[in-house]
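A short worksheet on the structure shown next.
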Amino acid sequence: MKITLNGTPTEVRAETLAAVLDELGYGEAKVATAVNENFVPAAARGQTTLSPGDRVEVVAPRQGG
Amino acid sequence: MQLYGTEITSRLMLGTAQYPSPAVLAEAFRRSGAGIATVSVRREAGGERAGAAFWDLVRELGVTLLPNTAGCHSVREAVTTAQMARELFDTPWIKLEVIGHADTLQPDPFGLVEAAQILSDDGFRVFPYTTEDVVLADRLLDAGCEILMPWGAPIGTGLGLTNIYGLRTLRAQFPEVPMVVDAGLGLPSQAAMAMEMGFDAVLLNTAVAKAGDPAAMAQGFARAVEAGRLAYEADPMEPRDMAAPSTPVIGKAFLE
């Protein structure tokens, strides 16, 4: 299915957020996630099923002022 | 100084953005003596691992982290960003920015209060980036904020304290509330002035990171903050319009 990952249309095979992150190479990366503008805690990624067109944001620690 | 029950030894808070290199950032922090570092969350690609590298860098600084919601223009965006930051940095502290105007990066006062209420109710310890508006300050305190962070000037301008009257009024209206002048400072003298006015701390980033020698500028700000605080605690003299000789008049030799 096609989702939008960090603003970019992305084709994925997996169905849950956790599996999609694995598929896209995030592995054990230190990231936080949101789906359709709602925060998804790390512990809930395995139970979060994605649908075509979902907007997924994956963020990590960065410099800030 | 206590912020949300945490003892902070330095009254200088420093951002982590825009430094020429990680090594310069680390040296600037070392010479600043800053006790709090602001950080953010940004998009990461699969396999990038930039977040992990930055995480290692800031942990080595040995300072308390204050994640921000920089760049957020809506309540929902700010709240979701805060929730992601809480998980990533493992802290309930959040520097809440809800930006309302593109050119000035002025906070959206209405969105700021709404987001502050939502986050406070959700257990966050909110550090609101606000203006010097006393009515807005009152609303933020009602929304659960126990600290205020009024701007000195728009972010990144280096203009210093552009509304001294407003800042002085804000300080006087809420004498018990910890206040940090956040944003707009360009020179140590401006930080010293904020501290002399009774603000509890200053937070800056660009003035240090974009200086020719960030580490030296960081130390300059550290000394200015310390000098300003000492002056405030020392109860400064009142200024006056007419001269008053400091050397005793009595006993001067009469030589005419």
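Data table
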item: For A:Arg62, residues with placed amide H under 5 Å, excluding near neighbours; result: B:Ser40, B:Val41, B:Arg42
item: Residue-normalised accessible area of chain B, given per residue in Å² at a 1.4 Å probe; result: 48
item: Positions from segment B:78-98 whose accessible area shrinks by 20 Å² or more when the full protein complex is built, not the chain alone, probe 1.4 Å; result: B:Thr80, B:Gln83, B:Met84, B:Glu87, B:Leu88
item: Top positive-direction residue, dipole computed over the protein assembly as shown with Cβ charges, set B:Ile164, A:Asn38, B:Leu12; result: B:Leu12
item: Ellipsoid semi-axes in whole angstrom, largest first, where each is sqrt(5λ) of the Cα gyration tensor of the protein assembly as shown; result: 44, 21, 15
item: Chain A, accessible surface, carbon-and-sulfur percent (1.4 angstrom probe); result: 49
item: Rel. contact order, % - alpha carbon contacts under 8 angstrom, at least six apart, chain B; result: 19
item: Positions from segment A:48-65 whose accessible area shrinks by 20 Å² or more when the full protein complex is built, not the chain alone, probe 1.4 Å; result: A:Glu57, A:Val59, A:Ala60, A:Pro61, A:Arg62, A:Gln63, A:Gly64, A:Gly65
item: At least 20 Å² of accessible area lost relative to the chain alone, listed for segment B:21-46 with a 1.4 Å probe; result: B:Ser40, B:Arg42, B:Arg43, B:Glu44, B:Gly46
item: Förster radius 41 Å - calculated FRET efficiency between A:Glu23 and B:Ser21 (Cβ-Cβ, nearest 0.05); result: 0.75
item: Fraction of beta bridges assigned by DSSP in the protein assembly as shown that are antiparallel (%, nearest 5); result: 45
item: 3J(HN,Hα) from dihedral phi, segment B:166-179, Karplus parametrisation 6.51/-1.76/1.60, rounded to Hz, x for glycine, proline; result: x, 5, 5, 5, 4, 4, 6, 6, 10, x, 8, 8, x, 10
item: 13 Å beta-carbon shell around B:Glu233, net charge (K/R +1, D/E -1); result: -2
item: Cut-off of 10 Å, at most 11 other beta carbons, DSSP loop: longest stretch of chain B lacking such trypsin sites (Lys or Arg not before Pro); result: B:1-239
item: Solvent-accessible area, 1.4 Å probe, carbon plus sulfur percent, for chain B; result: 53
item: Label-point gap, in nm, between B:Ala53 and B:Ile250 - each point 7 angstrom along Cα→Cβ; result: 7.3
item: Interface B:A - total buried accessible surface [probe 1.4 Å, Å², rounded to 100]; result: 2400
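The values are calculated or read from the model by the stated rules, or taken from the named source; none is laboratory data. Values in this document were obtained by computation on a predicted structure and should not be read as measured data. Note: ideal-geometry Cβ built from the backbone for every residue, glycine included; neighbour counts use all protein chains shown. Quick note on the areas: whole protein, heavy atoms, side chains included, nothing else; ligands and nucleic acids left out. Shrake-Rupley method; radii C 1.70, N 1.55, O 1.52, S 1.80 Å.
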